[in-house]
1. Tell me which residues come under 5 Å, amide H to amide H, from LYS494 once H is placed; ignore anything under 5 positions away on its chain.
2. Determine the sum of side-chain charges near SER418: Lys and Arg each +1, Asp and Glu each -1, restricted to other residues whose C-beta is under 10 angstrom from that of SER418.
3. According to the square roots a ≥ b ≥ c of the eigenvalues of the Cα gyration tensor, what is the shape class of region 138-177, taking rounded for a/c under 1.5, prolate for a/b larger than b/c otherwise, and oblate for the remainder?
4. Keeping every protein chain in place, order HIS269, HIS454 by accessible area at 1.4 Å, biggest value first, i.e. largest first.
5. Which of rounded, prolate, oblate describes region 70-181, given a ≥ b ≥ c as roots of the alpha-carbon gyration tensor eigenvalues and a/c under 1.5 marking rounded, otherwise prolate only if a/b is larger than b/c?
6. How much length is gained on full extension from THR97 to GLN120, taking 0.36 nm per residue of separation minus their Cα-Cα distance?
7. Report the semi-axes of the equivalent ellipsoid for region 470-557 in whole Å, largest first, where each axis is √(5λ) for an eigenvalue λ of the Cα gyration tensor.
8. Using 7 Å Cα-to-Cβ label points, what is the ALA26/SER303 separation (nm, one decimal)?
Amino acid sequence: MEQQLSFASMLMNFSGFNGSSKSAEAKCVERERQTLLNFKQGLIDASGMLSSWRDDDNNKDCCKWKGIECNNKTGHIDMLDLRGSEKHYLTGAINLTSLIDLQNMEHLDLSSNYDSSEMQIPEHIGSFKNLRYLNLSYIGLSGRIPYELGNLSKLEYLDLKANFLDGAIPSQLGNLTTSRYLDLSYNSEIEGQIPYQFRNLSQLQYLDLEGTYLSGAIPFKIGNLPILHTLMLGQDLDVKSMDTAWLSSLYSLTHLGLDSINNLGSSQHLLLTISKFFPNLRELSLTDRSFIVSSTSTVNSSSSLDTLHLSFNLLKSSVIFHWLFNFTNLRRLHLVANLLEGSIPDGFGKIMNYLEDLVISSNRLQGEIPASLGNICTLQRLYLKKNNLSGEISSLIKKISWCNKTGMLPNLSNLDLSFNRLTGEIPKSIGLLYELESLHLEENYLEGDIIESHLTNLTKLEELDLTGNLLSLKFGNTWVPSFQLYVLGLASCKLGPSFPSWIQTQSHLQFLDISDAGIDDFVPDWFWNKLQSIYAMNMSYNNLKGTIPNLPIKLTMNYEISVFLNSNQLKVKFLLFCHKFQYWTFPRTRFQI
C-alpha cells in the first residue's frame with residue numbers, strides 16, 4: 001500500500017495536482033456545478049465528506065468545494081478526488097454516468113467508498129478523453145471491464161482493485177501506451193488470459209493482477225515492459241510458461257509477487273532466477289501450496305529486502321527463522337497459515353530489530369513468546385493468533401513492553417495473541433502501550449479482574465476483544481473511557497449483573513458481542529440508539545429484560561446485519577424495526593407485536 005500511494009503521489013505531482021494549488025481566480029462552470037450536485041443526490045454522506053457541497057449563495061464556487069480542483073484560467077473541473085478512508089466514506093449510489101459533463105477532468109478518484117447499487121463501469125467512460133488518473137478501487141463495482149477504457153489515450157494510472165468485476169480483460173487495455181500504473185487485482189471473477197497486447201505497455205512501471213482467476217501463459221518476452229518495477233501475478237497462470245530470460249531482463253524490478261501460482265515451488269529454474277534479483281528487491285511475495293522450506297535454500301541473502309510474504313505455504317520447520325536471519329533489514333514479515341512447529345528462537349528479536357509488522361498467525365508454534373521481541377523498538381503490528389503459544393500473560397506483557405530498557409514499545413498499535421494458551425492475569429502495565437489501537441486476546445485461559453486503570457491510558461483504542469476468557473470487568477457506573485471503540489468483544493466475560501452503562505459513551509460501535517456475560521438487567525432505552533452503525537451484535541444467553549422499541553433507525557451501510565438476542569426475557573414490539581436486519585435469532589425470547 002505504501003508503494004502504491006507513493007507512486008500515485010508521483011503521478012499526481014507529474015500531472016500538476018499537488019493538493020495546494022486550488023484556483024483563486026476562475027470560478028467553476030455552472031453546468032459542472034450542477035453536475036456535482038446531481039452526483040451528490042444519490043449519495044449517503046454520514047461522515048460529512050461533502051459538507052462543503054452546498055447549493056447556496058455563499059457557496060456558489062464549486063472550485064472551493066472539498067475534493068475539487070479547477071483550471072485556474074478556464075474554471076473547468078480538472079480533479080475530482082473523493083477517496084474514502086476507514087472512518088470517512090460515502091455510501092449509496094455512486095453514479096459515474098452523472099459525471100458525463102466533466103469532459104475536462106484529468107483526475108478522478110472515488111476509491112474506498114461503498115456503492116450499494118451494483119454499479120458497473122459505464123461504456124461512456126471512454127469519453128473522458130483527458131483523464132490521466134482513474135482510481136475506482138474498493139467501491140463495489142460489478143460486471144465486465146468495458147473495452148472503451150482503451151480509448152483513454154492519455155491515461156497514466158488505472159486502479160480497479162478489490163471490486164467484483166468479472167469476465168476477460170479487454171485486449172483494448174493494451175492501447176494505454178502512456179500507462180505507468182495498472183492494478184486489476186482482487187477481482188476474483190476476472191478470468192481468461194493476460195492479453196498479449198499488454199506487451200505494448202512500454203511505459204508500465206506497476207502491474208498487479210493478483211487475486212484474479214486468470215490462467216494460461218504469461219505472454220511477456222524480452223523487451224516487454226522494460227521499466228517495470230512492480231510485478232504481481234497469481235492464481236492459475238502457468239508459471240512454466242514464464243520466459244525467465246524476460247524476467248531476468250527487468251533490471252528495475254524491486255517488488256515481485258507470485259502468489260497461489262501452481263507448481264511454483266517445483267520450478268527450480270524460476271526460483272534461481274528470482275534469487276538473482278535479491279540485491280535489488282525490496283518486496284518478495286511467494287505463496288504456493290507446493291512451496292516448501294527446502295526451496296528457500298536456493299535464495300540468497302539480501303540487505304535491501306524490507307517486505308517478505310511467505311504465507312499459505314507448506315513451511316514446517318522452525319529452521320525458517322534462522323534462514324530469515326539473512327534478511328536483517330526486514331520491516332514486514334508475513335508467515336501466515338503455514339505448518340510451522342516448535343518455538344520462536346530466543347534471539348529472533350535481537351537480530352530482526354527493524355521489523356514493523358510481524359505476522360505469524362495460524363501455525364502450530366509452541367512455547368513462550370521470546371522476551372527478545374521487546375527489543376524490536378520499531379514494532380507496530382504483532383499478530384501471533386491461532387497458535388499453541390503458552391506462558392503467563394503478565395510475564396509476556398512485561399517482556400514485550402520494554403524497548404532496550406528505555407520504555408514501552410513506543411510504536412505498537414496492533415497486538416493480536418488470540419486463540420492461544422496464554423494464562424494468568426492481565427497486568428495493569430498493558431495500559432502503558434499508549435499507541436495501541438487494536439487489542440485481541442480472545443480465546444485464551446486468562447483470568448482475574450479488569451479495572452479502569454487497565455484501559456484508561458489507551459486513548460487510541462478502537463478494537464478490544466477479550467472473548468472466551470474467565471475475566472471480570474469491574475468499571476464504575478460513571479466511568480467514561482478515553483477511547484471510542486468500533487469493535488467490542490466480551491463474550492463469556494463477567495459484566496453483570498447490571499447492564500454496562502459505560503457502553504453509552506461508545507458512539508461508533510460496529511461489532512458488539514456481550515453474550516453469556518452474566519447480565520441480569522433491563523436494557524436501557526439509550527442502548528437501542530447505538531445501532532446506527534452496527535453490523536453484528538450478540539447479546540444472547542443473558543437475562544436481558546425490557547421491550548425492544550420500534551425505532552426510526554437510519555442505517556448508514558447496506559451490508560447484511562446480524563443480531564442475536566436469543567435466550568433472554570426481551571419483549572419485541574416491532575415490525576418496522578425488524579425489517580432493517582438480515583438475520584435475527586430469538587429462540588426462547590418473548591415476542592409482543
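The values are calculated or read from the model by the stated rules, or taken from the named source; none is laboratory data. Since this is a predicted model, take the numbers as computed values, not measurements. Note: ideal-geometry Cβ built from the backbone for every residue, glycine included; neighbour counts use all protein chains shown. Ligands, DNA and RNA are stripped out before the accessible areas are found, and what is left, the full protein with its side chains, is counted by its heavy atoms. Shrake-Rupley method; radii C 1.70, N 1.55, O 1.52, S 1.80 Å.
1. For LYS494, the qualifying residues are LEU471, SER472, LEU473.
2. With Lys, Arg at +1 and Asp, Glu at -1, the neighbours total -2.
3. Taking the square roots of the gyration eigenvalues as a ≥ b ≥ c, region 138-177 is oblate.
4. If we order HIS269, HIS454 from most to least accessible, we get HIS269, HIS454.
5. oblate
6. Going from the current span to full extension adds 7.3 nm.
7. After scaling each eigenvalue by five and taking roots: 20, 16, 13 Å.
8. It works out to 5.3 nm between the two label points.
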